[in-house]
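Structure first, commentary second.
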Amino acid sequence: MTRRQLWQRFIAHLDRPLLLGIALLLLTSLLVLYSADNASWGQPLRQMLNIVVALTCMWLIANLPLHYLMRTAVPIYVLGMVLLVGVALFGEISHGARRWLNLGVMNLQPSELMKIGVPLMMAWYFEKHEATLTLKNYFIASLLLIMPIALIARQPDLGTSLLILASGFYVLFLAGLSWRVMGVLLVAAIASAPVMWSMLHEYQRHRILMLFDPSQDALGNGYHTIQATIAVGSGGILGKGYLNGTQTHLDFLPERTTDFIFAVYSEEFGLLGSLMLLALYSFVIWRGFVITGNASTYFTRLMAGSITLTFATYAFVNLSMVSGILPVVGVPLPLISYGGTSMLTLLLGFGMLMSIETHKKLVKT
């Protein structure tokens, strides 16, 4: 077998347009992290390691036919639920939250596993009942969604629980949940808002209130929003130039390598650069919808649609949070922010998209 044949076999199950969009976002991540880390190679090099590990896992999933993946839906979901219960009982407390489980050799955050496990389980359930879907099936699927969300919200981790809620809702929507039922759920959610408000932690209520007037606590809960909006606005049309962001390099901007990395990017590359980044995200999302439309089975359509819409939600929430449109909820900018766990979860999802595109015929189990 020649080198060309080996290479063609290696990339046979990688979707080229999607891979191109992902690669450009990852390259952007390294460039911005270098600036955000004060022109140091510390975090960029660690991010490169995260990227290598995540891309390797993406390649493995892309080469895995989806009927094998279907068989893992129940074990992954059950394992995730067991780990979440373990966190509630034995998890380590850090910064007032109990989110991590100490396994001796590593600390594990089970909520990240459920970002894939919940939509996978729900898509598997709907695939099994595709021919006879009733309101009862939607109710059971909703329970599969609510149980892990309740455990994650209790940690507390509002950002992750909302993202998992979104991914599960997308599966329900794509599975054909009627508009009438969604309307009833929306009215119920609005009516229960006072109760939900009373259940929020004090710091969560402060974050929401800071959205309307961050200046009332400019050095406390409103500090992140104020400094981020200053950085975004000061970039102007063309930006201040690479490595020249004053909010970043004078240490005014908090969490600049993680949740607020878009403020670093926007300050240095301006409105034009931000529009280019939005175009890049739009390209990846568009390709995800193309794969969803080409999916050959009910299960693959639900999974592809949920993965694509969840990725879009990640980007929208972070960009809105940094721009002062949404409250600070601790959601990283997908494929740009520093972090291994989030990177791995996202690229596992993209590996599933590639498998859906390149394995057209799914063997039903």
Notebook entry, point to check: Taking the Cα centre of segment 14-358 as the origin and placing charges on Cβ (Lys, Arg +1; Asp, Glu -1), which of ILE61, SER198, PRO332 is farthest toward the positive end of the dipole?
Noted result: ILE61
Notebook entry, point to check: What number, rounded to the nearest 500 deg cm²/dmol, is the helix-based mean residue ellipticity at 222 nm of the chain, given -39500 (n - 2.57) per DSSP H run of at least four residues and division by all its residues?
Noted result: -23000 deg cm²/dmol
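Sort largest first and round to whole Å: the equivalent ellipsoid semi-axes of segment 113-173, each the square root of five times a Cα gyration tensor eigenvalue. Before the final figure, lay out each step's value.
Details: eigenvalues 99, 22, 15 Å².
Three semi-axes, in Å: 22, 10, 9.
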Check: Could you put GLU202, GLU112, GLU92 in order, starting from the residue whose Cβ has the fewest other Cβ atoms within 10 Å?
Finding: GLU202, GLU92, GLU112
Notebook entry, point to check: What is the set of long-range amide H partners of LEU333 at a cut-off below 5 Å, with H atoms built 1.01 Å from backbone N?
Noted result: ILE261
Checklist line | Candidate aspartates and glutamates for bridging to LYS115, where Cα separation is under 20 Å - those fewer than 8 sequence places away on the same chain excluded | finding: GLU127, ASP157, ASP259
Margin query: Along the charge dipole of the chain, pointing to its positive end and built from +1/-1 on Cβ of Lys, Arg, Asp and Glu, which listed residue (MET81, MET210, TYR34) has its Cα farthest out?
Written below: MET81
Checklist line | For segment 14-358, size of Cβ-based charge dipole, Lys and Arg +1, Asp and Glu -1, in debye | finding: 720 debye
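Could you work out the Kirkwood radius for segment 14-358, taking every pair of different alpha carbons, averaging 1/r and inverting it, reported in Å? Could you put the intermediate results ahead of the total?
Numbers: mean 1/r = 0.0475 Å⁻¹.
Result for segment 14-358, one decimal place: 21.0 Å.
Within the chain, which complete DSSP H helices have Cα atoms spanning at least 15 Å along the helix axis and a mean Kyte-Doolittle hydropathy of -0.5 or higher? Spell out each step's value before the answer.
Values: long enough: 16-36 (29 Å, 1.91); 42-62 (30 Å, 1.14); 73-90 (25 Å, 2.52); 110-128 (26 Å, 0.27); 135-153 (26 Å, 1.89); 158-174 (24 Å, 2.03); 179-191 (18 Å, 2.02); 202-212 (16 Å, -0.34); 223-234 (16 Å, 0.52); 261-294 (39 Å, 1.25); 298-322 (36 Å, 1.06); 340-358 (26 Å, 1.24).
Span-like helices here: 16-36, 42-62, 73-90, 110-128, 135-153, 158-174, 179-191, 202-212, 223-234, 261-294, 298-322, 340-358.
We did not get these values from a lab; they are worked out from the coordinates using the rules stated. Because the structure is a prediction, the values reported are computed rather than measured. Because the Cβ atoms are built from the backbone with ideal geometry, glycine has one as well, and the counts that use them run over all protein chains shown.
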